[in-house]
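Reviewing the structure listed below.
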Amino acid sequence: MLIIALTLTAWQATGQDNRQYIVKVGDPAPDIELISLDGSRQRLGDLRGRVVMLQFTASWCGVCRQEMPHIERDIWLKHKSNPAFRLYGVDLKESKEVTEKFAADMHITYPLLLDPEGKAFYAIAEQGAGVTRNVIIDQQGNIAFLTRLYDKQEFSQMIAVIEKLLLSK
């Protein structure tokens with residue numbers, strides 16, 4: 001497993017996570033099902049060998065709406081052509097129609113997926129936990145970084161982790 005040497009937030013450094021995650025950095029990522037807007041399905045495990053970013057979001061979430069333009073500009077547009085990278089927004093418990101409108105309203109071009117029952121989300125977070133979470137998964141299928149809410153410093157650290165993982169083989 002690749003060890004990322006960065007300044008960690010206090011909760012990551014101490015392991016004291018009050019962010020309601022049920023997974024932690026270094027854990028194997030749960031093999032969740034990813035459901036696209038066209039209804040096609042893929043297992044997260046099928047993406048092994050790539051760096052994967054999952055952004056858990058919802059249309060009603062103001063912080064999600066604040067973070068999404070940064071994800072689009074600073075991550076997606078930079079790495080979307082890289083075959084070693086995948087980025088998926090995962091819309092929590094909303095219909096296909098709401099999810100499509102949400103993507104259009106936010107002017108994002110990265111794929112926004114469906115999580116109609118919250119199965120994907122609750123494989124990484126406690127029941128009742130809030131969205132605006134990013135999960136970075138390394139090429140071996142392990143969790144490399146977790147975020148909660150939108151914090152500029154943490155977001156910058158996440159970008160550095162993605163870039164470092166993409167440089168490693």
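The values are calculated or read from the model by the stated rules, or taken from the named source; none is laboratory data. No experiment lies behind these values; they were computed from the predicted model shown. In this analysis, Cβ positions are derived from the backbone assuming ideal geometry, glycine residues included, and neighbour counts consider all displayed protein chains.
Some values worked out for this structure:
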quantity	calculated
Residue within segment 87-106 that is at pLDDT 95 or above, surrounded by 16 or more Cβ atoms within 10 Å (Cβ to Cβ), within 19 Å of His70 (Cα to Cα) and touching a Lys or Arg at 6+ places or on another chain (Cβ under 6 Å) present	no
Segment 42-100: number of residues that are over 24 Å from Glu163 (Cα atoms), without any contact (Cβ under 8 Å) to a residue 60 or more places away in the chain and in a helix (DSSP H, G or I)	4
Looking only at segment 142-169, and only at residues there that are within 13 Å of the chain's Cα centre (by Cα) and assigned to a loop (DSSP other than H, G, I, E, B), the one that is surrounded by the most Cβ atoms within 10 Å (Cβ to Cβ)	Tyr150
Filtered residues of segment 34-55 (kept if exposed (fewer than 13 other Cβ atoms within 10 Å of the Cβ) and either hydrophobic (A, V, I, L, M, F, W, C) or farther than 11 Å from Gly141 by Cα (or both))	Asp38, Gly39, Ser40, Arg41, Arg43
Residues satisfying the stated conditions in segment 107-141, i.e. among the β-branched types (Val, Ile, Thr), under 19 Å from Met68 (Cα atoms) and either in contact with a Pro (Cβ under 8 Å, 6 or more places away or on another chain) or part of a loop (DSSP other than H, G, I, E, B) (or both)	Ile108, Thr109, Val131, Thr132
